Amino acid sequence: MLIVADQNIVFVQEAFRALGEVRLMRGREMTPAAVRDATLLLVRSVTPVNRALLEGSAVRFVATATIGFDHVDTEYLREADVAFAAAPGSNANSVSEYITAALLVLARRQGKPLEGRTIGIVGAGNVGSRVAAKVRALGMRERLNDPPLRRSTGDAKYRPLDELMDCDFITLHVPLEKSGPDPTWHLAGADFLARMRPGTVLLNSSRGAVADNGALLQALHAGRPGAAVLDVWEGEPRIRPPLLAEAALATPHVAGYSFDGKVNGTEMIYRAACAFLGRKPDWAPASCMPPPLIPEIELRPRPAEPEEALREAVLRVCPVERDDAALRRLGGLPPADQGPYFDRLRAEYPVRREFQNTAVRLRGTDSAASALADKLKGIGFNVA
């Protein structure tokens, strides 16, 4: 049995080789000829999976090692009787750690601690709920917006979108939907942006087209929102250099790129493939996982700057400013080189482990140390 897989799926050879011959290739180079003889097709978000790719092929099972699947024509797969699996929630913690790091960077630049500030979270599912838990640990106050959850639960904690517009930050964690009761394509469009309080920061780590990038560029010039943190972009990998220049933090669609999150995605699609084939899973990622890059950090609380030690730990593990600096170089490249450079940043992204793999040792036993320990534990670190 032939298995065609995106070469950027972590441990895909180790997981799938017992199921068949694994042929690796770049996701953007998957053509009808390349997948024609495959029984299993394993992709990430850069490969459009649709009739044009699969018609006439032997593919009977498609899996994407990503939480989103707007790049997959699931209606066509149903019509063609092709089984489908995704990896919902696999990198949710990774994205929530990215948001934590971004907020701490912005707080330092603004000269205002996060404690007591408000954040609107649009989408309270796998990712948004984890963001909510982490910002609470940071001492922030969250407001949640999630119309589907409001309808299904009746819980009044899910507020109308207008009630988020005066928050200090608004962060987007929704799937990309162009139709249905809750469309999210260009959700953050001109009207949304005009309703935001001046100074509010918009963060988008969901899908690029959830924010209208043209309208956002104009709105940033007008000061509303006050700033933007962008990990996802319309038209990837060909993004808008002027918007890149205006963003407070800009990264190449890597918020969910922790090594742990990638491995979670591989394990989820592997188990789905085993279920499809009627095979008992016999691969476990623990046998392949490398040791933590940063097993331990020692910190001393700084009462005069209560968030500085916290920021030090977070940015050592999740260096968003490094990723920002790498993407900024795109703006100086010829247009023909910009898309390949964006893709290369993703394909060659350095290993990043999640907070739970790092133990923090605190020097001091006073109330400042105790408060810092609570926040570190709340966002996921082990505190010794």
Rounded to one decimal in nm, the spacing of the 7 Å Cα→Cβ label points at TRP185 and SER370 is 5.5 nm
Mean 1/r over distinct Cα pairs of the chain, inverted to a Kirkwood Rh in Å, yields 21.9 Å
Once the in-chain neighbours fewer than 8 apart are removed, the lysines whose Cα is under 23 Å from LYS157 read LYS134
Here FRET efficiency (C-beta to C-beta, ARG151 to ALA284, R₀ 25 Å, nearest 0.05) is 0.05
Counting as exposed only GluC sites (Glu not before Pro) in DSSP loop states with no more than 16 other Cβ atoms inside 10 Å, the longest exposed-site-free span of the chain is 178-347
If each K or R counts +1 and each D or E counts -1, the residues other than ALA137 whose Cβ falls under 10 Å of its Cβ total +3
Magnitude of the Cβ-charge dipole (Lys and Arg +1, Asp and Glu -1) of the stretch 296-383 about the Cα centre, nearest 20 debye, reported as 120 debye
FRET efficiency for ALA133 and ASN50 from the Cβ-Cβ distance with R0 = 35 Å, rounded to 0.05, comes out at 0.45
Scattering profile of the stretch 274-384 from the Debye formula, Cα beads only, expressed as log10 I(q)/I(0) at q = 0.10 Å⁻¹, is -0.50
Among trypsin sites (Lys or Arg not before Pro) in the stretch 254-337, those in a DSSP loop whose Cβ has at most 15 other Cβ atoms within 10 Å are ARG279
Note on the chain: contact order normalised by length, alpha-carbon pairs under 8 Å, 6 or more apart, percent, works out to 15 percent
Semi-axes a, b, c in Å (a largest) for the stretch 1-114, each sqrt of 5 times a Cα gyration tensor eigenvalue, come to 35, 16, 12
The FRET efficiency for LEU24 and ARG300, from their Cβ-Cβ distance with R0 = 51 Å and rounded to 0.05, is 0.65
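Between ALA58 and ALA275, what is 0.36 nm times their sequence separation minus the Cα-Cα distance? Round to one decimal in nm.
Values: separation 217, 0.36 × 217 = 78.12 nm, distance 1.86 nm.
Going from the current span to full extension adds 76.3 nm.
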The distance between the Cα centres of the stretch 239-257 and the stretch 124-201, in whole Å, is 20 Å
Label model pair ASP37, GLU115: point-to-point distance (7 angstrom along the Cα→beta-carbon line) in nm is 6.5 nm
Ratio for the stretch 92-250, C-alpha Rg to 2.2 N^0.38 Å, reads 0.96
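Each reported figure results from applying straightforward, stated rules to the coordinates on display, with no laboratory input. What you see is a predicted model, and the numbers here were worked out from it, not measured in a lab. As a convention, Cβ positions derive from the backbone with ideal geometry for all residues, glycine included, and neighbour counts pool all protein chains shown.
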